[in-house]
Structure formats: structure tokens, C-alpha cells
Amino acid sequence: MEGNAADHPDRERRHPSDMTDAEWAAIRPLLPVPPWLKDRGGQPEGYCHRQLLDAIRYLVAGGISWRAMPADFPDWARVYAFFRRWREHGLITEFHDRLRGKVREHEGREAEPMAGIIDAQ
């Protein structure tokens, strides 16, 4: 696997919402490889993808606003810019679907749900 700016985070796991190494191993292959690593120009990214994802997970787990991001994460605007780009390219949905499948398989169920229940009260 090619190297990526995401491979070497410069901070240790500090928050309960931070990814474990196993979670990171499941997500890592889904992330796009920056153009500069494929000799297509551009500059190396200044942010670790794992840090950006940990920041998004912190935001979701805590129900906080983007601007309330703790200082040990990258700036909230940079985190939001990556989140928006990944969402527009369908990566956020892909992350969710893959992880849901892994959790279901770990519980001994099929990766994809077979039925759904709709409560129309």
C-alpha cells in the first residue's frame, strides 16, 4: 500500500471517540490517495486523515458545533472542508455502510439487513 499523509498521526489517542488501530485499519483503505503521491502534482497534505476523522467522530459523539472543536484537533474549518469534500464524493456513506457491515458480521448476522421495520405512529 502506498504511503499517505494519513499514515503518521502526530497525536496520541486522547478522546474516547478517537479511532482504535483496528478501526483505522478498516477505514484507511477507503480514503483517497492524494494526487501528489501518484505523481499528478500538488503538494503534500498538511493534515493527517486519521486526525480529521477523529475530529469528526468527536463532533458527532459529543453533539458539539464545528466551531467548538478542541484545540488539539486541526482547525474546525479545515476539518469541515475535508468532511464536506468526503461527503460530496460519497465517502461518508461508504464509511458508514462498510462499518455497519463489519459490526453486523461480528455479531453473527449478515452484513446487509434483510428487512426493515417502519413505525408509522
Among the residues of the stretch 24-47, which ones are under 11 Å from the mean Cα position of the chain (by Cα) and assigned to a loop (DSSP other than H, G, I, E, B)? L31
Step by step: first the residues of the stretch 98-121, then only those that are open to solvent by less than 100 Å² (accessible area, probe 1.4 Å) and assigned to a helix (DSSP H, G or I), then the one that is farthest from L30 (Cα to Cα). Which residue is that? R104
Scanning the stretch 60-78 for residues that are farther than 17 Å from P34 by Cβ and open to solvent by less than 20 Å² (accessible area, probe 1.4 Å) gives F73
Which residue, of F95, F83, is modelled with pLDDT under 90 and either within 11 Å of the chain's Cα centre (by Cα) or at negative phi (or both)? F95
Please tell me if P70 is modelled with pLDDT of 80 or more and either touching an Asp or Glu at 6+ places or on another chain (Cβ under 7 Å) or over 28 Å from E112 (Cβ atoms) (or both). yes
With respect to G46, determine if the residue is touching a helix residue (DSSP H, G or I) at 6+ places or on another chain (Cβ under 9 Å) and on the phi > 0 side of the Ramachandran plot. no
Which pairs turn up if I take residues in the stretch 54-75 that are over 22 Å from L99 (Cβ atoms) and look for partners that are surrounded by fewer than 16 Cβ atoms within 10 Å (Cβ to Cβ) with beta carbon separation below 7 Å, at least 6 apart in sequence or on another chain? D72/R11; D72/R14
Filter the stretch 1-50 for residues that are among the β-branched types (V, I, T) and open to solvent by 40 Å² or more (accessible area, probe 1.4 Å); which is modelled with the lowest pLDDT? V33
Residues of the stretch 48-85 being assigned to a helix (DSSP H, G or I) and among the aromatic types (F, W, Y), which ones? Y58, W66, W76, Y80, F82, F83
Go through R85, R57 for me and flag whichever is open to solvent by less than 90 Å² (accessible area, probe 1.4 Å) and either over 21 Å from D18 (Cβ atoms) or among the basic types (K, R) (or both). R57
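The values are calculated or read from the model by the stated rules, or taken from the named source; none is laboratory data. All of these numbers come straight from a predicted model, not from anything done at the bench. So basically every Cβ, Gly included, is an ideal-geometry build from the backbone, and we count neighbours across all protein chains shown. In case anyone asks, the SASA skips ligands and DNA or RNA and just uses the protein heavy atoms, side chains included. Shrake-Rupley method; radii C 1.70, N 1.55, O 1.52, S 1.80 Å.
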